[in-house]
Amino acid sequence: MLLRIPRMIWVFLCFSFSVVHAQEDTTYAERLGFPKGARVIILHVDDAGMSFDSNEGVEQALEKGIASSTSVMMPCPWVPGFLHYLRQHPGVDAGLHLTLTSEWKEYRWPPVSGKPAVPGLTDPEGALWPDVGDVVAHASPDEVEREMRAQIEKALQMKFRPTHLDSHMGTLFASPAFIQRYVKLGIEYKIPVMFPAGHNTLISAQLKSSGATQQMAKSIGQMLWKAGLPVLDDLHNLSYDWKLPQGVEPTPGNWGKFKTQQYIESFKLLRPGVTMVIMHCTDPTAVFEHISDSGPTRQGDLLAMLDPALKQYIAKEGIIITTWRELKERRDRLP
């Protein structure tokens, strides 16, 4: 199975950004006005607009569960359906899941800007490339920026003002030049970008990042902060790789219980600061299996967000759930 979110390749060392040293003992959460030592999380559901089943999962996780944020894949067919939902629920925290790949075999989507504008982003079927490596190999930074800008502008034309920007399959983290354009557009449009630049405990352990890489990430975080945008302290990008233990029957109930316990165990590792927790909540119908074989794990994420046990654990531990909208509002009140 093609992994939906591969490990992000943090290769920042070629950037020309100057290193700005942050105060190591002050988290971005504290700078934003949260209590000192607070563990703050954004429970973020990727892939709104990807399919009908994706939209159903996102909506249930937000309305009936404890998920607090989502982001929309603008090149995908079910975007209008989700934007209609947002008009009826204007308080929903929804950003743009900037999409430069089309990874499924039978269900594909083209670039928003069209093949003539971004030929390097387009595969022989006329869709975006299925793999991150193909994007790096074929697309220029100018084409990547052109397509990101087209997705932002399409959202704005559809009366959708995103609360943040993030990256589908981590593609924008696969090249220093891509990251530079991603950060540039966030600053230009004054839209927060998903960029962990604090202590980075969970994401550094996952990616085995070097000290030099972490220092460069911190310098980019300082640049975003100085531009008036909030910054993450860490990123939790683990749930898509969680597999049921051997011998456990892959029923929805077992997936839900397993995922709930995995979230609880992983939240024990949270350090103070703002951590974005990435997940994929889908309510799969019989059609979804013809898109992807990831339906069971996605449904497990949804069931975990609906599980009272997870909500109770978060409340008991005093973990604060927030949104990108709240982070931006807090940042706007600061100098």
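The residues of region 275-291 that are under 22 Å from residue 94 (Cβ atoms) and among the polar types (S, T, N, Q), listed by number, are 275, 282. Here residue 80 clears all of (1) open to solvent by 50 Å² or more (accessible area, probe 1.4 Å); (2) not in a helix (DSSP H, G or I) except the condition numbered (2).
On inspection, residue 264 passes the criterion of being more than 28 Å from residue 189 (Cβ to Cβ) and either open to solvent by less than 10 Å² (accessible area, probe 1.4 Å) or touching a Phe, Trp or Tyr at 6+ places or on another chain (Cβ under 6 Å) (or both).
Residue pairs whose Cβ atoms lie under 8 Å apart, sitting 6 or more positions apart in sequence or on different chains, and linking a residue in region 32-47 that is within 14 Å of residue 267 (Cα to Cα) to a partner that is assigned to a loop (DSSP other than H, G, I, E, B) and hydrophobic (A, V, I, L, M, F, W, C), are 39/270; 39/319; 40/34; 40/319; 41/270; 41/319; 43/66; 43/67. Taken over region 184-217, residues that are at pLDDT below 90 and of a type in the set (Lys, Arg) amount to 1. For region 307-319, the criterion of a residue being among the β-branched types (Val, Ile, Thr) and open to solvent by 40 Å² or more (accessible area, probe 1.4 Å) is satisfied by no position. Would you say residue 17 is of a type outside the set (Gly, Ala, Ser), open to solvent by less than 60 Å² (accessible area, probe 1.4 Å), modelled with pLDDT of 95 or more and assigned to a loop (DSSP other than H, G, I, E, B)? No: the conditions fail for residue 17. Residue count for region 267-292, restricted to those that are more than 23 Å from residue 202 (Cβ to Cβ), open to solvent by less than 10 Å² (accessible area, probe 1.4 Å) and not in a loop (DSSP other than H, G, I, E, B): 1. Which of the residues spanning region 293-306 are open to solvent by 10 Å² or more (accessible area, probe 1.4 Å) and over 14 Å from residue 261 (Cα atoms)? 293, 296, 299, listed by residue number. Checked against the criterion of being farther than 19 Å from residue 104 by Cα and touching a helix residue (DSSP H, G or I) at 6+ places or on another chain (Cβ under 6 Å), the candidates 38, 48 yield just one match: 38. Whenever a residue of region 216-230 is at positive phi, its partners that are open to solvent by 20 Å² or more (accessible area, probe 1.4 Å) and not aliphatic (A, V, I, L, M), lying with C-beta atoms within less than 8 angstrom and at least six residues away or across chains, give the pairs 228/190; 228/332.
Here is a yes/no grid of residues against (1) among the aliphatic types (A, V, I, L, M); (2) open to solvent by 10 Å² or more (accessible area, probe 1.4 Å); (3) in contact with a strand residue (DSSP E or B) (Cβ under 7 Å, 6 or more places away or on another chain):
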site	(1), (2), (3)
74	yes, no, yes
84	no, yes, no
100	yes, no, yes
105	no, yes, no
109	no, no, yes
112	yes, yes, no
127	yes, no, no
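Within region 228-255, being surrounded by 20 or more Cβ atoms within 10 Å (Cβ to Cβ) and in a helix (DSSP H, G or I) holds for 239, 255.
Restricting the first member to region 145-170 and to residues that are touching a residue at least 24 places away in the same chain (Cβ under 8 Å) and open to solvent by less than 10 Å² (accessible area, probe 1.4 Å), and the second to residues that are charged (D, E, K, R) and in a helix (DSSP H, G or I), the beta-carbon pairs closer than 8 Å and six or more apart or on different chains are 148/181; 164/328. Filtering region 38-64 to residues that are open to solvent by 10 Å² or more (accessible area, probe 1.4 Å) and closer than 13 Å to residue 277 by Cβ leaves only 39.
The values are calculated or read from the model by the stated rules, or taken from the named source; none is laboratory data. Since this is a predicted model, take the numbers as computed values, not measurements. Every residue, glycine among them, receives a Cβ derived from its backbone with ideal geometry; neighbour counts consider all protein chains shown. We work out accessible area using only protein heavy atoms, side chains counted, and drop any ligands, DNA or RNA first. Shrake-Rupley method; radii C 1.70, N 1.55, O 1.52, S 1.80 Å.
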